[in-house]
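Here, each number is a calculation from the coordinates, and none is a lab measurement. This structure is a prediction, so every number in the text was calculated from the model and none was measured. Every residue, glycine as well, gets a Cβ built from its backbone with ideal geometry; the counts of neighbours run over all protein chains shown.
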Amino acid sequence: MGTAWKTTVLSLWLVCILSKCSAEVRGYKYLSYSEIQESLQNAAKRYPRLVKLDSAQEVFDLPSVGKCANKQGLQEDCKIWIVEITNWDTRLKDSGRPHMLVSGEVHGDEVIGPQVAVEFMDLLLSNYGKDEKITSLVDTRVITIVPTTNAYGYETQTRGERQSDGEQELDPNRDFAFDQDPDLCMRTVAGRTINELFLAHFYRILITFHGGANVIGYEWGDTAHCRSRRCTLAPDNLAMVKLANRMRDYAGKAGDYESEYKVGDMGSTVYPVNGGMEDWGYGASWNDRIKCSPRTLGGYDLERTDYSDGSHRCLSYLVETGMEKRPDEQKLGTNEEPLVTGGRGDGHVPRNLRLLIAAADALEPYVALNNVTVDSDSLSCTWYVGGAFTVPKTRIEATYPGEKYKFTSHMEAGNGSFPYAGKMHMFSRSIKVRTSGSVYLRAVSIDTDSDLGKNSTSGEPQSHFVRSRSDPDWSYEINFSRVQGSSVFQSKTIHVSLDTGEKLDDDGAGIDWDELETQDGDALDEPQDDDYDYVGEDDDKKPPPEGSEEENETDQDDSSSDGRPSWIRYAVPAGASAGGLLLLALVVQAVRSRRYSTLQDNEYYDGDSEDLEDDEMPLRRYP
Ligand SMILES: [Zn+2]
């Protein structure tokens, strides 16, 4: 007995070492309708402050289609469950919180999405309060998850929605008020559920899961914008491409079971359709306006498809999770390292959890001040800008208690960071400060992703995603939710003791940064080059005049973020005496212009290539 016991302990210890003693490894499984229902109900009970659970039947008064087995195996009306995750304690005080929608499936036999949807909920909830990034995500976003949008189709493993015996199945993904006949839209309860959600929220990102191809597709994909699989560029093409690429890169492969996602507009990567959810989600309130008059399910009020201008401006992604609509269960993967691209236990579920995390992270830019050190009369800060792609101007702002001025450091320029994938572009700055007392600090990002707003041939961007981060005049409001454009994003304010270097409790809530006068000059509105240690009054360290050879040589690629030297510029000089402030380090330099071709970021774009013949389509089955 002694020996056996020792062996067991030893092997447990080995397993523990190998798996870093992490929580129990769990292989993802296909859940039935009733198991999904149970998970959602348990989550709502366990996390009442983070979860709101409703069904489309109760909250939107929609009919139900078909019977689904409950936990006891009894047949009951199928419900379309809607989970809404955010920090509900603070939600009403934060009307600007951005919204995202995840639909697990609309085709009942494409079954990876529902597992991903439920596991995504679980990932957010079980890591809340434990993982800083996920906690912050839940605190700052509202995520609506509909695991089985076509619930009866999922229960019966049929593609469409069959509303009564002997009747033809209706395809929910041809059922939307866009590029469709008014008689042929809003015929399904699945379609109406998504429609009602769009009437109640201004979504910025929609992810709708399918199966049968290996694609992340974006607009356009309707027959009006696409001819023989060549589509005109959507006005928000640049944002669509950049986010699709980020999702693809972080998602990676599904273990050994599926290669990396192909990315492109839906018309060329899949095929054009009428009445697709994605084109509708993006364009139905400004591009194509149809009022649906279906005859099914007792009809549907015409007003329900009479949209306000702000309702359908959502970057909408069709995610075809892989060539197999229902791969073997072991290909779903395990929960070992779901947020590590190519990590242990990788498979279809982890890769799509990563895809969803990338989307949720990008919903809105945020600024994180992550390290501050005080050293006699100077203070060093590092910070980054997440949820963004490019950061043309960012700086530190500081003020002292009771001060009516704020002091600003020189501008930095660089890339946005994506912390989940470890892709960090850290900004760093040392500033001169008083030798005692305390200081309030924050980092600010200005004109974040402003290049997304300067599009091309296809016209002004129309999405909330782009306009909310580039256009201060962009303003829409519905149901205690606001989309308010801004060109400035800032970190939380922190309060630091200059005597001890410690972070003080006070979060600076009483400081109205906008009311403080700026002490540095206009010249600081431009990004500075990084290669100069400019220490103010020291004349011979001034940068060379604009356009000089030396200046051109120092122009560097902003994408190389790692291993940059730390440099010092005294941009916040505060005379220790009467609070007298010297304005130092005024450097004017032209903004380095960066141009983006709309296709530059999209290696996979097929819309303008000749080589994709119809018979070579990557798709054989109807996704
Ligand atoms: Zn499908």
Review point. What is the spread of the Cα atoms of the stretch 391-449 along each of their three principal axes, largest first, in whole Å?
Key: 39, 22, 16
Check your understanding: Cα centroids of the stretch 164-204 and the stretch 350-364: how far apart, whole angstrom?
Key -> 26 Å
Review point. Amide H to amide H under 5 Å from Ser417: which residues, 5+ apart in sequence or cross-chain, H placed 1.01 Å off N in plane?
Key: Val385, Gly386, Gly387, Ala388, His425
Point to revise | Length released on extending from Leu302 to Ser228, taking residue separation times 0.36 nm less the Cα-Cα span | key: 23.4 nm
Review point. Given labels modelled 7 Å from the Cα in the Cβ direction, how far is it in nm from Glu502 to Gln72?
Key: 5.9 nm
Practice item. Show me 278-289, 126-137, 248-259 ranked by packing, highest mean number of other Cβ atoms within 10 Å first. Key: 278-289, 248-259, 126-137
Check your understanding: For the residues Glu336, Glu477, Glu517, what sequence is obtained by ranking on other C-beta atoms within 10 Å, fewest first?
Key -> Glu517, Glu477, Glu336
Review point. With θ set to phi - 60° and the Karplus curve 6.51 cos²θ - 1.76 cosθ + 1.60, what are the ³J(HN,Hα) couplings of the stretch 419-433 in order, to the nearest whole Hz, using x for Gly and Pro?
Key: x, 4, 8, x, 8, 10, 10, 8, 9, 8, 7, 10, 10, 7, 9
Revision key, fill the gap. Expected vector for the stretch 284-293, Karplus 3J(HN,Hα) from phi with 6.51, -1.76, 1.60 and θ = phi - 60°, integer Hz, x for Gly and Pro, equals 5, 9, 9, 10, 9, 10, 10, 9, 7, 10
**Study point:** Efficiency of FRET between Trp513 and Asn479 - r from beta-carbon atoms, R0 35 angstrom, step 0.05
**Key:** 0.75
Review point. What is the packing order of peptides 233-245, 317-329, 299-311, taking the mean over residues of other C-beta atoms within 10 Å and listing the highest first?
Key: 233-245, 317-329, 299-311
Check your understanding: By how many nm would the segment from Ser458 to Ser126 grow when fully extended, if each residue of separation counts as 0.36 nm and the alpha-carbon distance is taken off?
Key -> 115.3 nm
**Study point:** For the stretch 31-361, size of Cβ-based charge dipole, Lys and Arg +1, Asp and Glu -1, in debye
**Key:** 660 debye
Point to revise | Burial ranking of peptide ranges 72-83, 359-370, 495-506 (average Cβ count within 10 Å, highest at the top) | key: 359-370, 72-83, 495-506
Revision key, fill the gap. The stretch 96-237, convex hull of Cα, quarter of hull surface, nm² -> 10.6 nm²
Check your understanding: What do the square roots of 5 times the Cα gyration tensor eigenvalues come to for the stretch 31-361, in whole Å, largest first, as semi-axes of the equivalent ellipsoid?
Key -> 27, 24, 21
Exercise for review: Using the number of other C-beta atoms within 10 angstrom as an exposure proxy, rank Lys291, Lys404 with the fewest first.
Suggested key: Lys404, Lys291
Point to revise | Residue order, fewest to most surrounding Cβ atoms within 10 angstrom, among Tyr420, Tyr440 | key: Tyr420, Tyr440
Check your understanding: Among Lys52/Lys423; Lys242/Lys393; Lys130/Lys423; Lys242/Lys404, which pairs are too far apart, with a Cα-Cα distance over 31 Å?
Key -> Lys52/Lys423; Lys242/Lys404
Practice item. Give the long-range amide H neighbours of Ser316: residues separated by 5 or more places, or on another chain, with amide H under 5 Å away, using H modelled in the peptide plane at 1.01 Å from N. Key: Leu206, Glu219
